[in-house]
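The values are calculated or read from the model by the stated rules, or taken from the named source; none is laboratory data. No experiment lies behind these values; they were computed from the predicted model shown. Cβ sites come from the backbone with ideal geometry, for glycine too, and all protein chains shown count toward neighbours. Areas reflect the complete protein model, heavy atoms only, side chains present, ligands, DNA and RNA absent. Shrake-Rupley method; radii C 1.70, N 1.55, O 1.52, S 1.80 Å.
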Amino acid sequence: MAGRTGHRKSSRIAVFTTRFAPSPTGQLHLGHAYSALLAYDMAQAASGRFLLRIEDTDTGRCTPAFEAQIYDDLAWLGLTWETPVLRQSNNTAAYDAAITHLGNLGLLYPCSCTRSDIRSAASAPQEGAPMHGPDGLIYPGTCRNRSWEDRKDSDAVRLNIARALDQLSTLPAYTETGIHPALRLTRAHFIESVGDVVLARRDTKTAAYHLSVVVDDAAQGITHVIRGEDLATATPIHVLLQALLGCETPIYLHHRLIRDEDGKRLAKRDDARAIALYRREGASPQDIRRMVGL
């Protein structure tokens with residue numbers, strides 16, 4: 001499978017390669033600027049490669065106008081990148097191949113549960129409080145006994161985390177160079193703190209973030225993943241999928257988030273800190289660098 005969905009593991013020394021992967025669902029803000037500039041600067045310092053990826057599988061929210069604004073804002077900041085840009089909407093065959101492979105290994109099952117179903121199951125009387133993972137509440141396993149062949153078009157696709165771990169001879173591990181120490185990836189951590197995550201969504205019938213990011217990073221030869229600390233808890237599922245698909249595990253750097261005056265992380269709805277707004281008000285790229293501490 002490694003040859004179809006990603007790069008076969010190799011002992012060769014690879015060129016430092018990183019990426020910035022925004023979704024065109026809103027305007028880029030100062031937090032995006034920090035992440036993109038940090039990745040670009042690190043690639044430049046290492047005489048490496050900086051790639052741009054457009055994560056546009058959320059067809060209900062992604063727009064061509066926001067995508068065009070991404071290119072314009074990043075170019076204004078002084079960033080350059082290789083072309084053509086990888087757009088996830090053009091890479092669905094690779095995600096489908098990964099799903100088929102994992103399904104044939106018996107590691108996936110269809111799930112018809114809604115978010116409300118999961119909340120109801122989590123709030124039912126039981127010992128201890130509901131556990132949260134990278135996707136929110138840990139899935140209680142309601143559909144876990146359904147067979148892969150039983151899946152319907154309206155179903156989501158989940159990874160059976162216990163079976164996936166049984167597939168590997170050793171537990172995966174990774175290197176973290178950012179503000180968070182690498183998590184110790186035990187079987188208990190995967191089951192209790194990650195759970196049976198969704199790999200294909202039921203609402204849009206497209207690959208979920210956890211699968212697409214692994215397939216894309218492998219396809220682009222990413223050696224260093226530089227992203228916000230809010231994604232640190234998702235790293236275990238990514239390195240597990242890398243092991244299952246025969247892909248290289250990059251080095252990770254999870255960086256601090258840019259926050260507002262109240263300490264809240266910036267969101268795309270926070271238009272007051274949009275790069276485009278600062279540009280219209282006369283800010284320079286160096287002003288943006290100073291604002292984010294670079």
Legend entry - Antiparallel DSSP beta bridges within the chain, percent to nearest 5: 50 percent
Inset, instruction - Using packing as a proxy for protection, rank 108-121, 217-230 so that the peptide with the highest average count of other Cβ atoms within 10 Å comes first. - result: 217-230, 108-121
Legend entry - Extreme residue, positive dipole direction of the chain, given options L102, S193, T114 (C-beta unit charges): L102
Legend entry - the chain, relative contact order in percent, only Cα pairs under 8 angstrom and at least six apart counted: 28 percent
Inset, instruction - For the chain, just give the cysteines left without a disulfide-compatible partner, judged by no other Cys Cβ under 4.7 Å. - result: C62, C113, C247
Inset, instruction - With θ set to phi - 60°, apply the Karplus curve 6.51 cos²θ - 1.76 cosθ + 1.60 along the range 253-258 and write out the HN-Hα couplings as whole Hz, x wherever there is a Gly or Pro. - result: 9, 9, 9, 4, 9, 7
Legend entry - Nonlocal amide H pairs with L51, under 5 Å, H built at 1.01 Å: T18, R19, F20
Legend entry - Residue-averaged [θ]222 nm for the chain, counting only DSSP H segments that reach four residues, each worth -39500 (n - 2.57): -9500 deg cm²/dmol
Legend entry - DSSP-loop GluC sites (Glu not before Pro) across the range 59-166, with at most 10 other Cβ within 10 angstrom: E127
Legend entry - Accessible area per residue in Å² at 1.4 Å probe, computed on the chain: 49 Å²
Legend entry - Virtual paramagnetic centre 7 Å along Cα→Cβ of D41, amide N under 14 Å, in the range 51-85: 78-79
Inset, instruction - On the protein heavy atoms, probe 1.4 angstrom, tell me the percent of accessible surface of the chain carried by carbon and sulfur. - result: 50 percent
Inset, instruction - Go through 85-96, 15-26 and give me the packing order, highest mean Cβ count within 10 Å leading. - result: 15-26, 85-96
